[in-house]
Amino acid sequence: MTPIIIALLLYLQPATDERRDEIVDVGQAIEAAAELSGFDPFDLAALVVRESRGRVDVVGKRGECGPAQVMGWHLRPRMTCDELKTADGGMLGAVRALQQWARAGHEDVWACFASGNICRAARSERRRFRIRAKLRHLAATYYAAAATRAAHDIAARGSGFLTGL
């Protein structure tokens with residue numbers, strides 16, 4: 001598993017098996033969207049956690065849809081709510097919105113997203129950074145624990161690959 005998926009699973013615990021599968025799908029969609037767009041995957045993950053807690057079927061009060069809570073009618077080309085209520089479609093919509101704001105000359109596209117297309121600094125922007133730091137910490141903690149476990153396993157076996165060096 002990749003750091004984004006691990007961090008999402010750890011951050012959004014406890015999760016049922018069905019919910020866990022949904023979070024893995026969202027994590028994979030985040031990674032694909034980040035790779036295609038150049039955005040930091042942890043920023044996209046923090047956005048998803050802040051907007052929907054990783055749920056794909058969420059619809060907001062004003063018609064925002066999907067894991068990133070995107071308003072499809074603001075996008076060019078437009079996207080329907082049904083398209084946005086999938087992991088891949090929701091992340092595509094989020095990336096399109098961020099890119100649109102960047103092309104429009106907004107310096108901080110994340111503040112635009114967090115303040116509902118108004119593009120002003122918002123308290124939710126600070127929250128996104130806190131969530132992002134938490135996600136990075138959880139992923140790093142998981143990898144450190146996995147490396148420690150692997151080292152203990154090698155030491156317990158006695159004649160691991162390290163003894164031949």
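The values are calculated or read from the model by the stated rules, or taken from the named source; none is laboratory data. Fair warning: this is a prediction, and the values are worked out from it, not measured in the lab. Because the Cβ atoms are built from the backbone with ideal geometry, glycine has one as well, and the counts that use them run over all protein chains shown.
Listed here are the residues, each with its yes/no results for (1) modelled with pLDDT of 95 or more; (2) among the charged types (D, E, K, R); (3) farther than 24 Å from Phe129 by Cβ.
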| position | (1), (2), (3) |
| --- | --- |
| Arg20 | no, yes, yes |
| Val26 | no, no, no |
| Ala34 | no, no, no |
| Asp40 | no, yes, no |
| Ala46 | no, no, no |
| Glu64 | no, yes, no |
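Would you please list the contacts, defined by Cβ atoms under 7 Å and residues six or more apart or on different chains, that run from a residue in region 34-48 that is charged (D, E, K, R) to a residue that is modelled with pLDDT of 85 or more? As it stands, the answer is Asp40/Ala34, since those pairs meet every condition given. Only residues that are of a type in the set (Val, Ile, Thr) and either under 15 Å from Asp57 (Cα atoms) or in contact with a Gly (Cβ under 9 Å, 6 or more places away or on another chain) (or both) were counted across region 76-115, and they come to 2. The residue pairs whose first member lies in region 85-102 and is without any contact (Cβ under 8 Å) to a residue 12 or more places away in the chain, whose second member is charged (D, E, K, R), and whose beta carbons are closer than 8 Å, counting only pairs six or more residues apart or on different chains, do not exist in this structure.
Residues in region 5-20: is at least one of a type in the set (D, E, K, R), in contact with a helix residue (DSSP H, G or I) (Cβ under 8 Å, 6 or more places away or on another chain) and within 19 Å of Gln99 (Cα to Cα)? There is no residue in region 5-20 that is of a type in the set (D, E, K, R), in contact with a helix residue (DSSP H, G or I) (Cβ under 8 Å, 6 or more places away or on another chain) and within 19 Å of Gln99 (Cα to Cα). In summary, Val70 fulfils each of the numbered conditions (1) in contact with a helix residue (DSSP H, G or I) (Cβ under 6 Å, 6 or more places away or on another chain); (2) over 25 Å from Asp108 (Cα atoms) with the single exception of condition (2). Look at (1) in contact with a Leu (Cβ under 8 Å, 6 or more places away or on another chain); (2) closer than 25 Å to Ala7 by Cα; (3) crowded, with 19+ Cβ neighbours inside 10 Å; (4) modelled with pLDDT under 90 and you find that Glu51 fails only one, number (1). In summary, helices (runs of 4 or more DSSP H) completely within region 82-165 and bearing 2 or more residues that are at pLDDT below 75 and surrounded by 11 or more Cβ atoms within 10 Å (Cβ to Cβ) occur at 109-114, 123-157.
Taking every residue in region 126-139 that is of a type outside the set (A, V, I, L, M, F, W, C) and pairing it with any residue that is at pLDDT below 70, at least 6 positions away or on another chain, the pairs with Cβ-Cβ distances below 7 Å are Arg128/Ala114.
Restricting attention to region 32-59 and to residues that are closer than 17 Å to Cys112 by Cα and part of a loop (DSSP other than H, G, I, E, B), the residue that is nearest to the chain's Cα centre (by Cα) turns out to be Asp40. Output the number of the condition that Val58 fails; it satisfies all remaining conditions of (1) in contact with a Ser or Thr (Cβ under 6 Å, 6 or more places away or on another chain); (2) within 16 Å of Tyr11 (Cβ to Cβ). Looking at each condition in turn, Val58 falls short on (2).
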